[in-house]
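Below is one structure, written out as structure tokens; the observations come after it.
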Amino acid sequence: MQSRLEKLYRKALVWDAHAGVFPSPEVDLNLLQEWPDCGVDYLSINVGFDVMDWQDTLATLAAYRHWVLAHANHFVLVGDTEDIDQARRENKFAVSFDIEGMNALNEDINMVSVYHALGVRQMLFAYNLNNAAAGGCHDHDTGLTEFGKQVVGEMNRVGMIVDCSHAGYTTTMDIMHESSKPVVFSHSNPIAVWDHQRNITDDQIRACAATGGVIGVNGMGIFLGDNDVSNVTLVCHIDHLADLVGCEHIGFGFDYSPKVDVDIGVILRSRPDYWPAGQQYDTQGIKHAGPQQLEGLVENLADAGYGDDDIRGMLGENFKRVAASAWQGASA
Ligand SMILES: [Zn+2]
């Protein structure tokens, strides 16, 4: 017999706003099966980040897009939230793509609609360091550039979720001021609970909520605490967000990756500036909360006093609300 909370979880829309799968055409995407096996309905898959050349992002997007379309019996590349509803009815796993940082645009505004046409539905402005569009969270705190402002407008126009994770404080406040649609932090935790440069201040959280946006709780142990990925710690982060802005602005972007066959270390060692010293990136055996913790977490949330609607909102309805608004865009 299923318990009441098991039923709640099985029936709920479950949304993971960002996977940390290392973006490379070499990655075997059969690993994505771990998400639907854990009851996840939709995942945004990362196809590139600023550390890569923009051509490598495009090649990864091409490979991942081809793979998803070739596995149409089980996977759906979604363009809007109705496609997610349809995928759930057909018992298929819904995915779209995201890019971490604007180097992928090669300073060409027209690339935004190209990526959109190929299935990218969420873009971040920087990946830790500054670029032509924005400031990164581990760099000098410069704001959004003129090019970055244009990109916000173009993302609003074509229909992409504007994502502030990995960007610097001033840039994020500029983005949230510029955007005409709700803005998210797809995978960022409150700095008030755990002090890390990748985490975000109460100001940023309030500004995000004021756009109607959502903050996705990140599962990486060094962003949650002292390499601590327990459900109790996840609930601490959720409690802080709920106290500050309410449950309707909370979701999950676990940043989780199953093991991949690519030698990530070669790339990480080649650009240590993206993961600066003193930020715990050199922690041995970094742990990661992922989708396999979600069903149990529902019990923790219920024990902590969250109601069924609040829990359903956090599991997916909140991000879906943002996507329903942000993904309405022009066709060209
Ligand atoms: Zn990230």
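Here, each number is a calculation from the coordinates, and none is a lab measurement. All of these numbers come straight from a predicted model, not from anything done at the bench. Ideal geometry is used to build each Cβ from the backbone, glycine not excepted, and the neighbour counts take in all protein chains shown.
At-a-glance table
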read-out	value
Lone unmet requirement of (1) part of a loop (DSSP other than H, G, I, E, B); (2) more than 16 Å from the ligand (Cβ to nearest atom) for Met173	(1)
Those strands (runs of 3 or more DSSP E) lying entirely in region 40-134 with at least 2 residues within 15 Å of the ligand (Cβ to nearest atom) and either closer than 18 Å to Val184 by Cβ or not polar (S, T, N, Q) (or both)	42-49, 93-100, 120-124
Criterion: closer than 17 Å to Asp255 by Cβ and either surrounded by 14 or more Cβ atoms within 10 Å (Cβ to Cβ) or of a type in the set (Val, Ile, Thr) (or both) - qualifying residue of Gly79, Gly101, Gly39	Gly101
Sole exception among (1) within 16 Å of the ligand (Cβ to nearest atom); (2) surrounded by fewer than 24 Cβ atoms within 10 Å (Cβ to Cβ) for His18, by number	(2)
Ala209 being out of contact with any helix residue (DSSP H, G or I) (no Cβ under 7 Å at 6 or more places or on another chain), more than 14 Å from the ligand (Cβ to nearest atom) and over 13 Å from His187 (Cβ atoms)	no
Near pairs, Cβ below 6 angstrom, 6+ apart or cross-chain, from region 194-219 (on the phi > 0 side of the Ramachandran plot) to any residue that is charged (D, E, K, R) and buried (at least 24 other Cβ atoms within 10 Å of the Cβ)	none
Whichever residue in region 21-35 is of a type outside the set (A, V, I, L, M) and crowded, with 21+ Cβ neighbours inside 10 Å and, among such residues, is nearest to the ligand (Cβ to nearest atom)	Pro23
Residue in region 161-170 that is more than 16 Å from the ligand (Cβ to nearest atom), aromatic (Phe, Trp, Tyr) and in a helix (DSSP H, G or I) present	yes
